[in-house]
Each structure stands twice: as structure tokens, then as C-alpha cells.
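Working notes for the structure below.
The values are calculated or read from the model by the stated rules, or taken from the named source; none is laboratory data. For clarity, every value in this text was computed on a predicted model and none was experimentally measured. A quick note on method: Cβ atoms are made from the backbone with ideal geometry, for glycine too, and the neighbour counts reach across all protein chains shown.
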Amino acid sequence: MNTQNVAKHITAWLSNYCENAGLSGFIVGISGGVDSGLTSTLCAMTGKKTILLSMPIRQTYAEYDRAKNHIADLESRFENVTSLDIDLTASFDQIEKDLPAEVKTHELSMANTRSRLRMLTLYSIGQVHGCLVAGTGNKVEDFGVGFYTKYGDGGVDLSPIADLNKSEVWALAEEVGVIAEIIKAKPTDGLWGDGRSDEDQIGASYPELEWAMEYTGDGSILSKRQQEVLTIYRRLNKINQHKMNPIPVCEIPAKLRT
């Protein structure tokens, strides 16, 4: 991959989309991870208004500090970049308090609630400033295993890096100057108080998932680990089709309308 040309292509695509939409720029949620680091840098490179939003919810210090350091770096490099730091912990605490016991004790449901609260915040601020919500999902997450929250981090206006595998995200992040601590950090979705990584949750690394996503063989000569990864990938791909496919519409036959 020619990282320099890809960066220019995505930046031009972002600019053209924003201009055609008649809006002023972009808003990006910053997690301290490489996906949001790359997305926000590409948005900044358009020269259009770029708002970086840090939204900690019971965040680990490491995640929060990486996000703040990245924001500071972009603000020092680009005059069109501004930022907001909105601690949503109290809001999340209230939501958790108001929910039934079976929901507030369901870890995954509450993790997804964090993501949806952040989406709501991004759109609230983005609408005031005439900004598009830029998605931060990569190809493996968005079209491979569906590793995102429906109507959370999956609720976006456009997806600038969704055709990039994670290995390509890392390469492009280095090309555009994302700070080293973000590039080197273990990938995490930032939705858990214990800071668990994506690999901890999925059971496979991104390089392994990229391999599984491209694998077309019959599985007859795979190693034990490759078989495990393929099983993980195929299971997640199947159960998360409801995220990756368009919302189904119940079409009414013409004969029922007469």
C-alpha cells in the first residue's frame, strides 16, 4: 500500500463529501486508540473544522492520557482543530441507576450503553457546529467480525477508514504522524473499566482476523490455532450480520394494498 497516496485519497474524499453535504467539517470521538487517532488526523488534514471529543466514562488512566496527548498533538499541528473534554461518567451513572437490575448487571449491555451515550453526545455537538460524525471503524471490525456497537460507535455519518485492514491502519497512522504511544498501544474499545483489549474480548488478534477474513480454503491443512481463529471469525461474522447488513424492511405485496 502506498500510504502517502492513500492518505491523500481519503483526505480528498472527506473534503468532497463534506462540501457536497454543505457542512463545515467533522467531529470525532477520541478513545486513545489508533483508529480514532488516524481518523481524526485525516479529518484535520482536510483543513476543515475538526472537533475532537474526549468522552471518558470510568476510563482507565492509560486510555484517557493517550487520548489527551493525541488531542494536544493535533491541536499543535493544525489550526482548524479544536477539542472538548466531556466527562460522561455522571450521566452514565444516572442511566445505570435508572435501569432495571437485570440490565445494569449485564456487562455487555452496559458496555454498549456507554458507546450509545457517546454517539448521542457526538451528534448533539456535531449538529450545533454543522459537523459530520466521522466513524472510526476499520474493515475487520465493520465488515469482518462486526466488532462495534449498533447505534453506538456504529452510528456515524461517514466511514473514512472502513476499507482499511488494521495492519493498514497502523501503517497509515505512522505515515500521517499519529503519536507513537497510540500506534504502539494494544487495541481496546474503551468500554470496560478494566481496560480489556480487543483481543481479550474476541479471542484472536487483528492479524489473525485479517487472515481469516481472506481465507478461502477448505480448512484441511490448517494448524490448530488457525482452525481456532477461523471458527472465531466465522461465528462472529454470522451472529453480527444484523449489524453489517441494511435494516430489513417488511415490504407489503401490492395485492394487500388493494
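Brief remarks on what is shown
- When we screen A171, A185 for residues that are modelled with pLDDT of 95 or more and closer than 26 Å to F78 by Cβ, the only hit is A171.
- Filter result for T41 (polar (S, T, N, Q) and either touching a Leu at 6+ places or on another chain (Cβ under 9 Å) or under 20 Å from A171 (Cβ atoms) (or both)): yes
- Those helices (runs of 4 or more DSSP H) of region 175-238 in which at least 3 residues are in contact with a Ser or Thr (Cβ under 8 Å, 6 or more places away or on another chain) and under 29 Å from N2 (Cβ atoms), considering only elements entirely within it, cover 206-214.
- Complete set of residues in region 66-80 that are surrounded by 19 or more Cβ atoms within 10 Å (Cβ to Cβ), touching a residue at least 60 places away in the same chain (Cβ under 8 Å) and out of contact with any Asp or Glu (no Cβ under 7 Å at 6 or more places or on another chain): H70
- Residue in region 171-181 that is within 15 Å of the chain's Cα centre (by Cα) and without any contact (Cβ under 8 Å) to a residue 60 or more places away in the chain present: no
- Yes/no for S83 being surrounded by 18 or more Cβ atoms within 10 Å (Cβ to Cβ), among the polar types (S, T, N, Q) and free of Cβ contacts under 8 Å to residues at least 60 places away in the same chain: yes
- Test: residue in region 128-142 that is surrounded by fewer than 21 Cβ atoms within 10 Å (Cβ to Cβ) and in a loop (DSSP other than H, G, I, E, B): yes
- Condition met for G47 (surrounded by 14 or more Cβ atoms within 10 Å (Cβ to Cβ), outside any strand (DSSP E or B) and on the phi > 0 side of the Ramachandran plot): no
- Region 1-39: number of residues that are buried (at least 19 other Cβ atoms within 10 Å of the Cβ), outside any strand (DSSP E or B) and not hydrophobic (A, V, I, L, M, F, W, C): 8
- Selection count where residues are closer than 19 Å to L209 by Cα and surrounded by fewer than 15 Cβ atoms within 10 Å (Cβ to Cβ), scope region 229-243: 6
- Considering each residue of region 111-122 in turn, at least one proves to be within 16 Å of C43 (Cβ to Cβ), in a helix (DSSP H, G or I) and either among the hydrophobic types (A, V, I, L, M, F, W, C) or at pLDDT 95 or above (or both).
- For region 71-109, a residue qualifies if it is out of contact with any strand residue (DSSP E or B) (no Cβ under 8 Å at 6 or more places or on another chain) and of a type in the set (V, I, T), and the qualifying residues are T89, I95, V103, T105.
- Among the residues making up region 86-115, a single one is of a type in the set (G, A, S) and more than 28 Å from V28 (Cα to Cα): A101.
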